[in-house]
Amino acid sequence: MTSLRSVADRMTAAPAASADPVHVYHALLHDPQRADPSLLRMFVEEQLRLAREFPDSLPDDLSDLTRWIEKNSSQVAALYGEYLEDRRAGNDRILFSNKAHALYFLQHVAPTKLVDGAWLYSSIKHADDWRYRDLIRTYLEELGDGEPALNHVVLYRKLLADHDCAPTEVLNQEHYIQGAIQLALGHLGDEYLPELLGYNLGYEQLPLHLLITAFELNELGIDPYYFTLHVTIDNASTGHAHRAVKTVLDLLPTDESRPDFIERLRNGYLLNELGKGTKAVIAAFDLEQEVVAMLERKRSFGQHMHSDYCRLDGLTVNEWLAKPGQCRAFLAALESKSWIKRHQDPAESRFWQLIDGPGAVMFGVFSGYEMQLLRDWIAGDWQDARTTIPFRAKFRNRPKSDGSSTATSPRTDDSPSRLIDLLSPARHCSPEGLQATRTYSRQLAEGFFAL
């Protein structure tokens, strides 16, 4: 799913330590049964308080929601058309300066993408209420109806694995806020139904940056399918955006509680503004700063691993790595001694020859993401023959199920309570969870859950 954000794309202040989003995120993703409900409520209430500081852009009359999302979609389409014309005219990418930049983005939005659809989890307990059917169908489509090639979390995990860029340590707190909100709403959905509906309404809109992200990832040799999939299923005509509006109208109360319900719904919509969003993540990237930070993180592992026969500016490699804060100067020393030749083909740099390829003496020291950082930093302004051409579709064919996933999946207890547990954000991408999703989807389609 993709978040509808203000142009400013602002970041919240850090919430209270007792409701730390990193703690909430990991508790609900790894051990939800032991999560403290009072702590979850504290976290949600704090985020709602912060959300109230943002202006509300929803129409005054909720009966205008359909026209409102159609107008938003038309505006995004027009702006994307202008972007494509700019690219055809020979202008550069506007989001990602290089492939390392794109991988940085994939890594830093991972906490949100790895819980895709989590805010809808509670809806599956209401299969006997027709008003929840669109929420349930949306959640099941987020889970790919149990098909691994369509399950959004499985897709994103594969994308990270393909480029060896999964986060290897805890990121800054602001990167977990959206994921923690989604998980908390998923587990407290009955209690916060108006807020959930408002959040869903905002998250299912199509933002311009999603379209541009998919285009530029493809150009950089990164499969954009996870993102293009959202372009199609979130559409305002028949997709998740349309369903989000329909569900709001179906569940709006008609009694005296209606005004309070609408106010809470509007506040839930504004939850989309919290945390560090796409544009802020992209803007935070600085190639040299990331290279230096990466070397500082690895410094303690390599400070005793090098021989002392080679000296750079009077220091051995071990001595360069012995103290924190020396990595930037170390890079400068490597460059001054021509071990690194900036703005040239990295293959011409002795340092690159030490780390790249199975015969390299330092093969495997750096992850795929770390290698890309170093490669793009060394290459700098140099453009090699592998420079990609915009508008070339590199990833036309998607893997299709051959039916084997159903045959080889473990059998599960088909009781509603067991299925609901296996469809949780913490478990649905496991083999058991995928099988349970297929079973639940089939039972829902066959009318097993009585209306």
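Points to keep in mind about this one:
- Burial ordering of Ser73, Ser38, Ser123, fewest other beta-carbon atoms within 10 Å first: Ser38, Ser73, Ser123
- With contacts taken as Cα pairs under 8 Å and at least 6 residues apart, the chain reaches a relative contact order of 24 percent.
- Applying the Karplus relation 6.51 cos²θ - 1.76 cosθ + 1.60 with θ = phi - 60° to region 135-150 yields 3J(HN,Hα) values of 5, 5, 4, 4, 4, 5, 6, 4, 8, x, 6, x, 8, x, 5, 10 Hz, where x marks Gly and Pro.
- Using all pairs of distinct alpha-carbon atoms, the Kirkwood hydrodynamic radius of region 124-218 works out to 15.8 angstrom.
- Calculated SAXS-style log₁₀ I(q)/I(0) at q = 0.10, 0.11, 0.13, 0.16 Å⁻¹ - region 17-283, Debye, Cα scatterers: -0.51, -0.62, -0.88, -1.36
- Region 313-357 has equivalent-ellipsoid semi-axes of 21, 11, 9 Å, by the square roots of 5 times the alpha carbon gyration tensor eigenvalues, sorted largest first.
- Interchain or long-range residues, amide H under 5 Å from Gly380's placed H: His343
- Restraint check, Lys99/Lys394; Lys125/Lys158; Lys113/Lys394; Lys246/Lys394, Cα-Cα greater than 26 Å: Lys125/Lys158; Lys246/Lys394
- Mean projection of the Cα convex hull over all viewing directions, computed for region 338-390: 4.0 nm².
- Alpha carbon convex hull of region 287-379, projected area averaged over orientations, nm²: 5.5 nm²
- Straight-distance candidates among the lysines for linking to Lys323, with alpha-carbon spacing under 22 Å and chain neighbours fewer than 8 residues away dropped: Lys298, Lys337.
- Fraction of the pair-distance distribution of region 187-288 above 25 Å, Cα-Cα pairs, percent: 34 percent
- Relative contact order, whole percent, for region 17-283 stands at 30, derived from Cα pairs under 8 Å and 6 or more residues apart.
- Debye intensity ratio in log₁₀ form over the Cα atoms of the chain, taken at each q of 0.06, 0.07, 0.09, 0.11 Å⁻¹: -0.30, -0.41, -0.66, -0.94
- Selected from Leu171, Gly275, Gln33, residue furthest toward positive end of dipole (the chain; charges at beta carbon): Leu171
- Computed label-point distance, nm, for sites Asp260 and Glu45 using a 7 Å Cα→Cβ extension: 1.5 nm
- Taking every DSSP helix (H) stretch of at least 4 residues in the chain, weighting each as -39,500 (n - 2.57) and dividing the sum by the residue count yields a mean residue ellipticity at 222 nm of -15500 deg cm²/dmol.
Bear in mind these aren't lab numbers, they're just calculated from the coordinates by the rules spelled out. These numbers were taken from a predicted model, which means no experiment stands behind them. Note that each Cβ is placed from the backbone with ideal geometry, even for glycine, and that neighbours are counted across all protein chains shown.
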